[in-house]
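Below is one structure, written out as structure tokens; comments come after it.
Each reported figure results from applying straightforward, stated rules to the coordinates on display, with no laboratory input. From a predicted model like this one, the values you see are computed outputs, not experimental measurements. As a convention, Cβ positions derive from the backbone with ideal geometry for all residues, glycine included, and neighbour counts pool all protein chains shown.
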């Protein structure tokens, strides 16, 4: 299955040191949770975060939500212990901070393997520095275990001396570079967080822009934003209906040996059919997740 085939409309950061948040995550409508050892955890709580996340993952109860653990960098006092611990936690992926080259990924994989981690444990990469942007292709193709590029626009803004503007123009080159690299390598790519929790309209515009650019979903810092992200990044009913018409018309044309296909006066080619199948597949995957969540309640 392609890396991007799984719904990742809403991906919520949760501090690994907060047991109430870890418990609440079991009932949230987010497609994925990033259980954080890094920015959201104070230095004196790093070890406790490891223990609490390990216990939470061992207990389970998260349904079909994708569970990613963000570790501290190997160049920090906690990175090696984080990787050794997460290797055996049963997480769906490990998120590496401030990835800037393929060697950082190789070092992390070596540490995970040495700790007895699964041979196919996916690696996600935070893209949050200028050097990461310039090395996006190298990072995306670094190893078959790389599964997703995650934009870190807050750290990137600091390093660029850039401003957070409503149109996000200061980040457009960086976003596009990472989208290009991710799509070339067949990876998922997630948009950065929206910092103003009182700016509901701005958040929705940011989600819409991210989807238009080609992002798979949005990283989030508060549960209140999950519903809007899920709505914006999900195929609409009209899109699904149109896609199904294209797929059906294409099948009929193939059966009749017709090479040119028109649907409502619009020329439909194989590339449109492929996109339609991908969209319907995503809608089906979202419906399956929703049904499983409803059955678990």
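Please report the Cα spread of the range 3-233 along all three principal axes, rounded to whole Å, starting with the longest.
Cα spread of the range 3-233 along its principal axes, largest to smallest: 43, 37, 34 Å.
Just 262, 190, 83 to compare: in a GNM of the chain, with alpha carbon springs under 10 Å, which one fluctuates most?
262
Give me the distance in nm between label points sitting 7 Å out from Cα along the Cα-to-Cβ direction at residue 29 and residue 293, one decimal.
Those two pseudo-labels are separated by 0.6 nm.
Dividing the alpha-carbon Rg of the range 118-204 by 2.2 N^0.38 Å yields what? Spell out each step's value before the answer.
Values: Rg = 13.7 Å, N = 87, 2.2 N^0.38 = 12.0 Å.
Cα Rg divided by the expected 2.2 N^0.38 Å: 1.14.
Within the range 228-242, whose backbone N sits under 18 Å from a point 7 Å along Cα→Cβ of residue 64?
230-237, 240
With the calculation restricted to Cα positions, what are the radius of gyration and Dmax of the range 1-125 in angstrom?
Rg then Dmax for the range 1-125, in Å: 13.6, 40.
Relative to the present Cα-Cα distance, how much length would full extension add between residue 131 and residue 238 at 0.36 nm per residue of separation?
Numbers: separation 107, 0.36 × 107 = 38.52 nm, distance 4.06 nm.
Gain in length upon complete extension: 34.5 nm.
If you stretched the chain out fully between residue 197 and residue 176, how much longer would it get, using 0.36 nm times the residue separation minus the C-alpha to C-alpha distance? Present the calculation step by step, with values, prior to reporting the outcome.
On the way: separation 21, 0.36 × 21 = 7.56 nm, distance 2.49 nm.
Extra length from residue 197 to residue 176 when fully extended: 5.1 nm.
I need the P(r) histogram for the range 237-296: all alpha carbon pairs, bin width 10 Å from 0 out to the longest distance, whole percents.
Reading upward from the zero bin: 22, 44, 21, 11, 2.
So between residue 184 and residue 165, what do we pick up on full extension, going 0.36 nm a residue minus the alpha carbon distance? Write down the numbers at each step before the final one.
Numbers: separation 19, 0.36 × 19 = 6.84 nm, distance 2.83 nm.
So the extension gain works out to 4.0 nm.
What is the chain's relative contact order, in percent, from Cα pairs under 8 angstrom and six or more apart in sequence? Don't jump to the answer; show the numbers that get you there.
On the way: 494 pairs, mean separation 51.5, N = 297.
Taking the mean separation of contacting Cα pairs over the length of the chain, I get 17 percent.
Specify the residue with the greatest mean-square fluctuation among 129, 225, 165, computed from a Gaussian network of the chain linking alpha-carbon atoms under 10 Å apart.
165
Over the range 86-170, what is the mean sequence separation of C-alpha contacts under 8 Å (at least six apart), divided by residue count, expressed as relative contact order in percent?
Values: 118 pairs, mean separation 26.0, N = 85.
Answer for the range 86-170 is 31 percent.
Okay, helix-only estimate at 222 nm for the chain: each DSSP H run of n ≥ 4 adds -39500 (n - 2.57), divide by all residues, round to 500 deg cm²/dmol; what do you get? Could the numbers behind the result be given before it?
Details: 12 runs with 141 residues, N = 297.
One gets -14500 deg cm²/dmol as the mean residue ellipticity at 222 nm.
Mind telling me which of 144, 122, 15 comes out most flexible in a GNM of the chain, alpha-carbon contacts under 10 Å?
Looking only at 144, 122, 15, the largest GNM fluctuation is found for 144.
What whole-number distance in Å separates the alpha-carbon centres of the range 43-65 and the range 7-40?
The two parts, judged by their Cα centres, are 10 Å apart.
For helix 46-59, what angle does its Cα long axis make with the longest principal axis of the chain, in degrees from 0 to 90 and rounded to 10?
Rounded to the nearest ten degrees, it is 50.
Whole angstrom only: what separates the Cα centroid of the range 130-153 from the Cα centroid of the range 192-222?
Going from one Cα centre to the other spans 20 Å.
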